[in-house]
1. How about the stretch B:138-158: which of its residues are within 7 Å of another protein chain (Cβ to nearest Cβ) and either under 22 Å from A:A157 (Cβ atoms) or touching a residue at least 24 places away in the same chain (Cβ under 8 Å) (or both)?
2. Just wondering, is there one or more residues in the stretch B:440-457 that are among the β-branched types (V, I, T) and either surrounded by 24 or more Cβ atoms within 10 Å (Cβ to Cβ) or within 18 Å of B:G611 (Cβ to Cβ) (or both)?
3. Within the stretch B:397-432, work out how many residues are farther than 21 Å from B:V354 by Cα, at pLDDT 95 or above and touching an Asp or Glu at 6+ places or on another chain (Cβ under 9 Å).
4. Within the stretch B:340-353, can you find the residues that are surrounded by fewer than 24 Cβ atoms within 10 Å (Cβ to Cβ) and either of a type in the set (A, V, I, L, M) or outside any helix (DSSP H, G or I) (or both)?
5. Which of the residues belonging to the stretch B:102-116 are in a helix (DSSP H, G or I), within 22 Å of B:Y477 (Cβ to Cβ) and under 18 Å from the mean Cα position of the chain (by Cα)?
6. From the list B:K249, B:K182, B:K253, which one is in contact with a strand residue (DSSP E or B) (Cβ under 7 Å, 6 or more places away or on another chain), closer than 28 Å to B:G535 by Cβ and surrounded by fewer than 21 Cβ atoms within 10 Å (Cβ to Cβ)?
7. Being under 26 Å from B:K380 (Cα atoms) and among the hydrophobic types (A, V, I, L, M, F, W, C) is the filter; apply it to the stretch B:394-417 and report the residue that is nearest to the other protein chains (Cβ to nearest Cβ).
8. Could you look through the stretch B:267-305, keep only residues that are assigned to a strand (DSSP E or B) and within 11 Å of another protein chain (Cβ to nearest Cβ), and pick out the one that is surrounded by the most Cβ atoms within 10 Å (Cβ to Cβ)?
Amino acid sequence: MKLTLKIWRQKNAQDKGGIVDYPIDGIEPDMSFLEMLDVLNEQLINKGDEPVAFDHDCREGICGMCSLFINGEAHGPDRGVTTCQLHMRMFKDGDTIFIEPFRAKAFPVIKDLVVDRSSFERIQHAGGFISVNTSGNTIDANTIPINKHDADKSFDAAACIGCGACVATCKNSSAMLFVSAKVSQYALLPQGKVEAVDRVLNMVHQMDAEGFGNCTNTGACEVECPKGISLENIARMNREYLAASLKG
Amino acid sequence: MALDSKIPNGPVADKWTNYKDHINLVNPANKRNLDIIVVGTGLAGGSAAATLAELGYNVKAFCFQDSPRRAHSIAAQGGINAAKNYKGDGDSVYRLFYDTVKGGDYRAREANVYRLAEVSANIIDQCVAQGVPLAREYGGLLDNRSFGGTLVSRTFYAQGQTGQQLLLGAYSAMNRQIGRGKVKMYNRHEMLDLVIVDGKARGIIARNLITGEIERHSAHAVVIGSGGYGNVFFLSTNAMGSNATAAWKIHKKGAFFANPCYTQIHPTCIPVSGDHQSKLTLMSESLRNDGRIWVPAKLEDAKAIREGKKKATDLSESERDYFLERRYPAFGNLVPRDVASRAAKERCDAGFGVNKTGEAVYLDFAAAIKRYGTEEAYVKGHDANDAALVTKLGTAIVKSKYGNLFQMYLKIVDEDPYVTPMMIYPAVHYTMGGTWVDYNLMTTIPGCFSIGESNFSDHGANRLGASALMQGLADGYFVLPYTIGDYLAPDIKMGEISTDLPEFVEAEKNVKDQIERFINNKGTHSVDYFHKKLGKIMWDKVGMARNAKGLAEAIEEIAALREEFYKDVKVPGSANEFNQELEKATRVADFLELGELFAKDALHRNESCGGHFREEYQTEEGEALRDDENFAYVAAWEYKGKPSDAVLHKEALNYENIKLVQRSYK
């Protein structure tokens with residue numbers, strides 16, 4: 001396959017940045033999108049140019065490190081995948097492909113396609129946990145039976161990989177899907193109920209402080225989420241938040 | 001220097017309890033005066049950082065990713081073992097201990113393995129208390145499945161994302177401590193050297209990967225939890241960034257490196273598709289609960305399939321060779337990984353491979369879909385003879401168990417595994433070898449500990465499935481927090497350690513010099529060019545089957561490649577910026593040394609055991625042939641300037657509770 005890549009290049013956080021064109025040839029449909037970028041980078045290095053910086057690690061769709069905005073979509077045109085699982089067979093010979101970083105006020109660019117998602121970290125620090133110390137004396141795991149339906153729902157929410165596609169996709173740069181996934185995971189489990197009030201208040205407060213936008217229920221985040229995190233988590237978080245505010 | 005494993009006296013079942021009763025403790029007020037550095041934030045490092053901070057120590061944690069949650073433990077799929085015996089199928093601490101020692105082909109330390117089995121049940125309790133959503137049955141109790149090398153169901157799981165859920169549990173515990181200021185987290189930082197003061201580990205030199213700044217960090221103890229070295233093969237199931245640098249740097253500073261040749265080649269990975277391949281993807285061992293592994297029984301059928309003239313589904317039952325069920329009737333498809341991998345390679349080498357390259361076998365779910373579908377049809381009162389309905393019902397059940405894995409396969413290979421059998425082939429997955437540690441998990445450098453995959457301690461020559469998660473969390477949650485206290489007790493009055501000491505200045509200078517050398521080298525080939533070459537040598541000559549001639553060649557070739565690398569590598573950009581090529585260069589430099597020691601270790605071990613298979617040492621049926629008389633020891637290598645000059649130290653393995661026998665899964 002022969003392609004024209006239009007890639008966002010930005011030297012560092014201070015640089016203004018811009019799109020640069022890269023023609024590329026010899027791409028095979030079985031390559032992953034990131035392997036296609038590996039080929040480009042190898043060519044750039046051999047020519048004496050600087051390779052394109054992009055985040056990636058596990059390359060099997062679970063670490064949440066890769067974060068490309070491809071042809072106007074977070075993780076590109078395929079559904080239910082991260083960028084590393086996107087394969088070139090989704091494109092046609094002769095295509096032009098725009099590759100940009102995830103864009104949001106709370107995700108400043110570090111270099112080229114690499115962004116700083118530490119705002120997600122700080123939201124988790126504010127309440128993404130159950131306060132239980134490691135002791136070796138916790139009660140036997142089967143002492144509290146958990147309804148399979150609730151356990152499965154909790155798992156579905158916990159499957160979030162924290163990539164930030166929801167934020168990049170949202171016209172308001174809202175982080176509601178991400179935050180609600182964590183809030184829901186614990187809200188659905190008896191272990192999480194004890195701290196439920198503080199958790200939702202603290203996490204939402206931190207989310208707002210980081211500069212993420214508000215949710216206007218367009219549902220774009222759910223469509224682009226590589227792990228299929230459901231909008232119903234946002235509804236659940238809103239209920240949790242309302243209840244907590246009334247108690248607070 | 002004589003190796004002292006510091007195994008406590010007494011019966012194996014009492015050692016850990018007695019040890020805990022008699023160690024030195026640090027009182028809570030004094031813990032505030034002690035700093036601990038933890039490098040790596042996977043299951044081992046993350047759980048250790050959280051627990052040490054809960055106890056009151058000041059923890060500084062480092063990871064090269066942008067968040068601790070992205071450490072490669074996240075990718076572990078199938079499950080975690082624990083001797084809970086919830087199924088009532090006869091499991092016990094002893095059985096888990098026994099299975100692990102046998103699975104490791106009698107090359108692990110008994111006392112460590114027993115302790116691991118002993119704390120395993122606590123891990124499940126701890127994780128559930130943290131809100132980890134492990135799979136449950138309809139009655140609300142925890143579910144289990146079976147893994148290779150055992151005859152009981154002791155594996156807890158969360159669909160095909162067990163590692164993710166357990167890591168997020170440890171990450172949540174870390175987050176709580178970060179929020180309290182007890183863990184100071186350094187994301188996008190890479191440890192590039194260890195600092196030793198007066199013979200003790202007292203700090204590290206790290207590079208801020210965003211700014212390129214070289215930083216000095218001091219502490220009273222340093223814990224390495226940086227994972228394994230599988231990426232020495234270039235292609236492996238490890239993450240692209242997984243590296244051995246932290247472990248190798250401590251080796252160069254005096255920590256012995258044990259059993260590097262014990263590497264696990266996992267049988268069920270998606271086969272290589274071309275030269276562009278950057279990594280390999282695992283299909284969880286849990287699939288062997290329900291998938292049946294086979295190749296065509298006749299060579300002409302295999303050839304026809306490779307040429308695209310026939311399909312897997314064209315072959316009738318009698319035309320298929322379920323080679324694991326045939327060779328190992330007792331364990332069938334659930335033999336340990338080393339055995340399954342070699343059996344697949346044997347069939348492919350004999351010409352029965354089923355993809356274009358001839359390096360793939362089938363993993364087939366048709367029988368499982370039919371079995372589950374029939375059962376479900378009965379339960380729901382439908383016609384169990386309606387084949388289409390049974391397939392539909394069975395597919396839904398298989399999807400609920402392994403849905404994410406099947407989806408991954410579909411996206412990579414572009415074939416639907418519910419309809420056509422998966423194609424799989426062995427790939428490098430896990431490294432049992434690693435830094436040598438004593439019973440306290442301390443390396444041969446006082447104050448430098450090594451936990452999880454980065455140490456060598458619990459899996460012998462082969463790790464059983466679902467035991468890596470168990471070991472990582474056992475080390476971090478339940479073992480290190482005790483042993484490190486015993487070590488730190490004399491240091492309570494020391495106060496903060498200055499980073500202006502000459503040892504820090506010197507270590508920092510060495511790191512800066514190495515980086516400058518790469519930046520100024522202006523060679524002609526990229527780092528990947530050398531990494532791929534190293535990987536090819538490793539896979540061809542130090543891979544699934546090894547022999548003395550190939551190993552000797554590998555040692556020379558790797559040494560020559562290393563020399564070429566330093567002469568001719570090209571690292572674009574500068575030192576003081578975000579520079580991914582520079583990151584790769586420092587990692588590959590270490591792999592180029594480690595690979596040579598790996599081959600040297602494999603050459604010296606004149607026997608076959610577990611993941612180490614020497615063609616010269618096999619039984620008539622092609623099984624691994626151990627030599628207990630001469631090789632029942634841990635090979636711990638001391639660095640002496642060049643990998644080829646490394647000096648061998650032996651720790652004898654004494655089996656007081658388990659009798660050494662030829663491992664059999666027939």
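1. So the first thing to find is which residues in the stretch B:138-158 are within 7 Å of another protein chain (Cβ to nearest Cβ), and the list is B:138-142, B:158.
Of everything in the stretch B:138-158, those that are within 7 Å of another protein chain (Cβ to nearest Cβ) and either under 22 Å from A:A157 (Cβ atoms) or touching a residue at least 24 places away in the same chain (Cβ under 8 Å) (or both) turn out to be B:Y138, B:G140, B:L141, B:L142, B:A158.
2. First pass over the stretch B:440-457, keeping only residues among the β-branched types (V, I, T): B:443-445, B:451.
From what's left, either surrounded by 24 or more Cβ atoms within 10 Å (Cβ to Cβ) or within 18 Å of B:G611 (Cβ to Cβ) (or both): B:443, B:451.
So far as the stretch B:440-457 goes, yes, one or more of its residues are among the β-branched types (V, I, T) and either surrounded by 24 or more Cβ atoms within 10 Å (Cβ to Cβ) or within 18 Å of B:G611 (Cβ to Cβ) (or both).
3. 3
4. Scanning the stretch B:340-353 gives B:A343, B:A350.
5. B:N112, B:V113, B:L116
6. Values: B:K249 fails: surrounded by fewer than 21 Cβ atoms within 10 Å (Cβ to Cβ); B:K182 fails: closer than 28 Å to B:G535 by Cβ.
Within the list B:K249, B:K182, B:K253, the selection yields B:K253.
7. Top of the filtered list is B:F406.
8. Here is the first cut: in the stretch B:267-305, the residues assigned to a strand (DSSP E or B) are B:267-269, B:282, B:292-296.
Filter again for within 11 Å of another protein chain (Cβ to nearest Cβ), leaving B:269, B:282.
On the way: B:C269: 21, B:L282: 25.
Looking at residues that are assigned to a strand (DSSP E or B) and within 11 Å of another protein chain (Cβ to nearest Cβ), I get B:L282.
The values are calculated or read from the model by the stated rules, or taken from the named source; none is laboratory data. Being a predicted model, the structure only gives us computed values, none of them experimental. So basically every Cβ, Gly included, is an ideal-geometry build from the backbone, and we count neighbours across all protein chains shown.
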